[in-house]
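Accompanying notes for the structure given below.
The values are calculated or read from the model by the stated rules, or taken from the named source; none is laboratory data. On a predicted model such as this, the values are computed, not experimentally measured, just so you know. So basically every Cβ, Gly included, is an ideal-geometry build from the backbone, and we count neighbours across all protein chains shown. Each accessible area value is taken on the protein alone, full model and side chains, heavy atoms only, with ligands, DNA and RNA left out. Shrake-Rupley method; radii C 1.70, N 1.55, O 1.52, S 1.80 Å.
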Amino acid sequence: MRYEFKKIEPKWQAKWEESKIFEAKDNSDKPKFYGLVEFPYPSGAGMHVGHIKAYSSLEVISRKRRMEGYNVLFPIGFDAFGLPTENYAVKTGTHPRIITDENIKKFSNQLKRVGFSFDWSRVIDTTDEDYYKWTQWIFLKMFENGLVFRDRTLVNYCPHCKVVLSNEDSQGGKCDICHSDVVQKSKDVWYLRITQYADKLLEGLNDVDYPENVKQQQINWIGKSKGAFVNFTIDGIDEKLRIYTTRPDTLFGVTFMVIAPEHPIIDKYADRISNMDAITAYRTECAKKTEFERTQLVKDKTGVQIQGLEAVNPVNGKKIPIYIADYVMMGYGTGAIMAVPAHDQRDYDFAKKFGIDIIEVIKGGDIAKEAYTGDGEMVNSGFLNGYTNKHDSIERMLEELEKQGIGEAGVQYKMKDWAFNRQRYWGEPIPLVHCPNCGVVAVPYEELPLRLPDVKDFEPGEDGQSPLAKIDSFVNCTCPKCGAAAKRETDTMPQWAGSSWYFLRYIDPHNENAIADMDKMKYWMPVDWYNGGMEHVTRHMIYSRFWHHFLYDLGIVNTPEPYAKRSIQGLILGPDGDKMSKSKGNVVDPLDIVEEYGADTLRTYVLFMGDYGAATPWNDSSVKGCKKFLDRVAGLTDIVSDAPVSSELEMKIHRTIKKVSSDIEGLKFNTAIASLMTLINDITAEGHLTKEDLIIFIKLLSPFAPHLCEEIWESLGGEGFVTVSPWPEFDESKTVAKTTEIGVQVNGKVRGTIVIPTGCEKEEAFAIAKADERIASFLEGKNLVKEIYVPNKIVNFVAK
RNA sequence: GCAGGAGUGGCGGAAUUGGCAGACGCGCAGGCUUCAGGUGCCUGUGGUCGCAAGAUCGUGUGGGUUCAAGUCCCAUCUCCUGCACCA
């Protein structure tokens, strides 16, 4: 047979669709497997080879599971709200709905052409009102349960996109969407109280199978730290300055305090501060800086002492100066710190610059040179003197603080509450109403979905207002509670909302009464295996785990954790080894590859190219190598004969079944394909194979190259589809050879190889080795000191 | 700075977890097929020395443990990814 991909690919894609073999069954006695891939944002550019790699791992595993007899749910959908579509709408005047529909159509066709075995009967689109109705519904549940609040604070704001960004979306001080510098702006913001779930999100990690680095990244992101809150009094005023510290045991070493430039105490006591001009100037200076600039100037400390306010160290009564400095952030802890210059490098640098005392309280370093952050004996510390263990001294200090009522143990998280609104059109409307009498009121559940109004102008307002604010018919409404004239919230939800629960909707995509039917969730949840990119580990995964924990607490879902197992695919780099990007012109279009070499070749290549988790450059020549491999597979049909193959080849077939089966489970697709290549080399050397042997071969290959394998299956008279035929089994006894070739070392150097009966005793192995002429020549005239034999591995003689 | 990961031929990458380093693919060289190019097939392919048999070196670098180290330990360099004045 010849590998005529242009003919066979459309043929089998049509047959698969017609036979519905990829549709998951809701009522099944079979064990279930729920494989999930991160659904795409349907951009106008269409699919990228990165999408192919991202979906191929669970594509192969899902196909293998079907052959193993599982009822498989392998769905796909579109995360279609978002800025690129809206920006394109602003530019072209086309409605985002039309653009989205076009892009989804384009993506679907492309995915189908690659032959992915998605269940197309369960496609979801986050911008579909039947879908976002439930996104709004979950939001209202959170509102009802006190997890939604509004606050006027400094937010990360992108002046280019004109939206408020969460911390997650402004990493490194750059807007995640347009990469402009993010500025700080005072705004009213809706927050989701994700911090209330910080501990559950941490503890939940113990129960899931995520790669270690993924867990670690989430742990760092949540950033839990244990320490203490301590209240410092301000001299002469009845006012406490509250700080957070992880080292309360160094309290005797505090020689000054620092507060963030935005700290409210400054305005409160402005009349007592004698250098308000200098302070105001410094604050203005800081406000101008972006957070990025502020955190970049790590080396040089700046600040201004507050003249007129002095704090009192609560453990020794000493009066200490208070400074404002931008190295203290309002957003973490209490926005104020106690400074211990002897044992904190930042405080040390500041003290050196401003000539403040440095008092050593932990022995072991040289505080004339730098801060000492290690352990050691406590000194100059009153009742703590003589303590040598950090844990003990902290405990002792906490005890004292609580006894005297000046502080208590506490925890802090780096993770902040989730800024949950955008001033944009193309997102889920936030279902809240502002009533002059009742305040903020929820839209009643029965009025959901709260639909996006049809508008012509998608341009956001210059004052940072949503385009929805310009639509009077949308804004003006009556209060659901008191009936008074009221105004709708005009902000929309951020991009991450719709993807925070989408895996639940696949289970029951058309349910009109609930996000999904409980019995169906009990069958399908949790997601057995979720594959995606590293970039979603801290945002999407944390957000969706938060929503899921919340829904679990309400009894709406049946598992606390949504994803039992997570894997990560590595990037595909351009042929030049750089990240693919339009500007570099090194982008590979997957459809070009499908056109020229076929979908099976593309699928095989993206998994063969290297370690699945590693970033690997694209190589056009290697693609051809995979095409050549499939050509040779097609050619196997020409050498089928009735004559049984040698026992040697039979063993290799059994070994290959074993290896491909286990490699797929470990995401080692490259070696699984390599072993099939090795086997075809062995078959070619043998010159023939039986029909049964060929069936085994195409079954093993079918998850990777399903179109070709179906064609061969059909030509061999197979019933139905190879895709749903049983996965081959191997006979362990047949994977073992009668004889094994092993290396023989003399003094640790390989001097030859011998053939031994597999699993033989050491005496026999030594005898065979010594009988070997070459080995004997190396042993001649020497004393055998030691003989080592590792069964079926190696013989080593130590001779002097 | 902190956390995680990686350094193996000309290239992508293997190595049953301490047991013959370089599987498989690409590339390259030679040969066959071909008027020719391409395709296809066969052979070879880590470095150095050697006609060869073979010897010798070899997994970022330096040390160590071991009969035996890509793999374990100590030190060190480089690169990637994330976080970062987090108190």
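Miscellaneous remarks
- Taking (1) open to solvent by less than 50 Å² (accessible area, probe 1.4 Å); (2) assigned to a helix (DSSP H, G or I); (3) modelled with pLDDT of 90 or more; (4) not β-branched (Val, Ile, Thr) in turn, A:Asp277 satisfies each apart from (1).
- Taking (1) in a helix (DSSP H, G or I); (2) away from RNA strand B (no atom under 11 Å from the Cβ); (3) not hydrophobic (A, V, I, L, M, F, W, C) in turn, A:Pro644 satisfies each apart from (1).
- Summed over the stretch A:31-71, residues that are under 26 Å from A:Trp496 (Cβ atoms) and β-branched (Val, Ile, Thr) total 3.
- Among residues of the stretch A:668-703 being surrounded by fewer than 20 Cβ atoms within 10 Å (Cβ to Cβ) and in contact (Cβ under 8 Å) with a residue 60 or more places away in the chain, the one that is farthest from RNA strand B (Cβ to nearest atom) is A:Asn670.
- Single condition A:Tyr210 does not satisfy, out of (1) out of contact with any helix residue (DSSP H, G or I) (no Cβ under 6 Å at 6 or more places or on another chain); (2) without any contact (Cβ under 8 Å) to a residue 60 or more places away in the chain: (2)
- Among the numbered conditions (1) of a type outside the set (Val, Ile, Thr); (2) within 11 Å of RNA strand B (Cβ to nearest atom); (3) open to solvent by 40 Å² or more (accessible area, probe 1.4 Å); (4) at pLDDT 95 or above, the only one that A:Asn558 does not meet is (2).
- Qualifying positions in the stretch A:413-433 - within 30 Å of A:Thr245 (Cβ to Cβ) and away from RNA strand B (no atom under 16 Å from the Cβ): none
- Residues of the stretch A:772-789 satisfying the condition of being open to solvent by less than 80 Å² (accessible area, probe 1.4 Å) and either more than 13 Å from RNA strand B (Cβ to nearest atom) or assigned to a helix (DSSP H, G or I) (or both): A:Ile775, A:Ala776, A:Ser777, A:Phe778, A:Leu779
- Candidate set: the stretch A:235-264, residues that are among the hydroxyl-bearing types (Ser, Thr, Tyr) and touching a helix residue (DSSP H, G or I) at 6+ places or on another chain (Cβ under 9 Å); chosen: the one nearest to A:Glu360 (Cα to Cα): A:Thr250
- Residues in the stretch A:655-667 that are open to solvent by 50 Å² or more (accessible area, probe 1.4 Å) and either assigned to a loop (DSSP other than H, G, I, E, B) or of a type outside the set (Lys, Arg) (or both): A:Ser662, A:Glu665.
- Test: residue in the stretch A:223-240 that is within 10 Å of RNA strand B (Cβ to nearest atom), β-branched (Val, Ile, Thr) and in contact (Cβ under 8 Å) with a residue 60 or more places away in the chain: yes
- Just one of the numbered conditions (1) buried (at least 21 other Cβ atoms within 10 Å of the Cβ); (2) under 30 Å from A:Lys185 (Cα atoms); (3) under 44 Å from the mean Cα position of the chain (by Cα); (4) of a type in the set (A, V, I, L, M) is not true of A:Met330: (1).
- Filtered residues of the stretch A:72-99 (kept if touching a residue at least 12 places away in the same chain (Cβ under 8 Å), in a helix (DSSP H, G or I) and either of a type in the set (A, V, I, L, M, F, W, C) or in contact with a strand residue (DSSP E or B) (Cβ under 7 Å, 6 or more places away or on another chain) (or both)): A:Leu83, A:Ala89, A:Val90, A:Ile99
- Residue within the stretch A:223-233 that is open to solvent by 60 Å² or more (accessible area, probe 1.4 Å) and more than 24 Å from A:Pro562 (Cβ to Cβ) present: yes
- Residue match in the stretch A:300-307 (condition: within 15 Å of RNA strand B (Cβ to nearest atom), within 36 Å of the chain's Cα centre (by Cα) and at pLDDT below 90): yes
- Boolean, A:Ala336 is within 30 Å of A:Lys403 (Cβ to Cβ), touching a strand residue (DSSP E or B) at 6+ places or on another chain (Cβ under 7 Å), near RNA strand B (Cβ under 10 Å from one of its atoms) and modelled with pLDDT of 90 or more: yes
- Top-ranked residue in the stretch A:27-56 [being over 22 Å from A:Phe78 (Cα atoms) and touching a residue at least 40 places away in the same chain (Cβ under 8 Å); ranked as surrounded by the most Cβ atoms within 10 Å (Cβ to Cβ)]: A:Lys32
- Of all the listed residues (A:Arg272, A:Arg283), the sole one being more than 30 Å from A:Pro159 (Cβ to Cβ) and among the basic types (Lys, Arg) is A:Arg272.
- Pick from the stretch A:345-388, criterion of a type in the set (Ser, Thr, Tyr) and over 30 Å from A:Val304 (Cα atoms), ranking: most open to solvent (accessible area, probe 1.4 Å): A:Thr388
- Every residue from the stretch A:735-771 that is loosely packed, with under 12 Cβ neighbours inside 10 Å and near RNA strand B (Cβ under 7 Å from one of its atoms): A:Glu741, A:Gly748, A:Lys749, A:Val750
- Hey, A:Lys652 farther than 30 Å from A:Met580 by Cα, in a helix (DSSP H, G or I) and basic (Lys, Arg) or not: yes
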